[in-house]
Each structure stands twice: as C-alpha cells, then as structure tokens.
Amino acid sequence: MTEHLPIRPEEPTRYDPAFIGRGFSWPMAVDHTGSIKLTEATDDIERSMHIVLMTAPGERVMRPNFGCEVWDLLFEPVTPNLLGLIAHAVFQALGQWEPRIEVDEVTPIPDANDNALIRIDIKYRVRTTNDPRNLVFPFYVIPHESEPER
C-alpha cells in the first residue's frame with residue numbers, strides 16, 4: 001500500500017535559483033526582442049500570488065479547486081469576523097497553491113476612507129532564500145447600505 005503514496009521531495013537546503021523559476025508575464029506581453037515577456041525570481045512569485053488571489057475556486061475548468069475562497073465573502077458586511085475569514089482564506093490558498101513561499105502572517109485592514117476596500121497585508125518568506133517580503137493585496141467588498149460611512 002505504501003508504494004502508491006506520493007514521495008515528497010526533500011526541502012531545498014541551499015539556494016537554488018531554479019526552484020524559484022521563471023514564468024510568463026501576466027498580462028501577456030512582448031519584450032524588446034519580440035519574444036514573450038517572462039518574469040523571474042521574486043517578481044514571478046508575486047505575480048503567481050496575485051493569480052492565486054484573483055482566481056475564485058471553480059473558475060478554472062481543468063483545476064476547479066484552484067484559487068482563493070475570499071471571493072465567497074464579497075457580499076459580506078465588514079466585521080471582525082469577516083476579517084478573520086479573509087485572513088484564513090488567503091493563508092490557506094497561498095499555502096496550498098504557492099509552494100515557493102512560507103506565509104508568516106495575513107492581516108486584512110479595512111480602509112479608513114473607503115468602506116468597500118480591505119487591504120490584505122501578506123508577510124511571507126521565499127523558502128530557498130529565507131528572504132522576508134510583503135505583499136499588499138486590495139480586496140473590494142460590496143458595502144451594505146446599513147454600514148455607516150467611515
């Protein structure tokens with residue numbers, strides 16, 4: 001029975017730039033040589049994180065579980081409970097779909113001037129380099145009419 005279980009590769013123990021990799025720039029573009037523009041290193045990781053966070057589960061036909069469940073919370077009123085659910089959804093999605101990083105902290109912060117905007121502050125580390133980084137992802141909710149203006 002154990003022979004059918006997937007073998008988990010060992011964690012990289014030293015810096016290997018191939019682990020971070022390269023990818024297509026999104027949105028697709030052409031570089032100065034006429035080739036498809038590629039992203040490298042941490043820029044590629046941040047673009048991948050954006051793709052995970054911008055995709056709702058079920059949106060991709062061949063990979064229906066891919067994405068972040070934060071989009072299920074789009075019509076919820078902004079409460080401390082919602083902020084906790086957003087943090088949990090982002091933490092789970094990035095932990096599952098972006099293996100090149102280790103998510104340290106996710107902090108959703110409602111904007112003081114716009115009651116529809118929640119800034120999601122994501123603190124993470126690149127696994128191979130242990131490089132601490134952060135990404136702020138803007139998430140807009142549909143405000144309820146009963147919510148007071150801030």
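A short reminder: the numbers here are calculations on the coordinates, not readings from a lab. The model shown is predicted, which means the values in this text are computed figures rather than measured ones. Backbone-built Cβ (ideal geometry, glycine too); neighbour counts: all protein chains shown.
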Per-residue ³J(HN,Hα) for region 74-81, Karplus 6.51 cos²θ - 1.76 cosθ + 1.60, θ = phi - 60°, Hz, x for Gly and Pro: 4, 9, 7, x, 6, 9, x, 5
Taking neighbour counts of Cβ atoms within 10 Å as a proxy for exposure, in what order, fewest first, do 38, 83, 74 appear? 74, 38, 83
Report the chymotrypsin sites (Phe, Trp or Tyr not before Pro) located in region 60-100 that are in a DSSP loop and have at most 11 other Cβ atoms inside 10 Å of their Cβ, or state none. 75
Once label points are set 7 Å from the Cα along Cα→Cβ at both residue 69 and residue 114, what is their separation, rounded to one decimal in nm? 2.7 nm
Non-local amide H neighbours of residue 38 (under 5 Å, H modeled in plane, Pro and chain starts lacking H): which ones? 25
Go through region 122-137 residue by residue and turn each phi into a ³J(HN,Hα) via Karplus (6.51, -1.76, 1.60, θ = phi - 60°); whole Hz please, and just put x for glycine and proline. 10, 9, 8, 10, 6, 4, 6, 10, 6, 7, x, 9, 9, 9, 10, 10
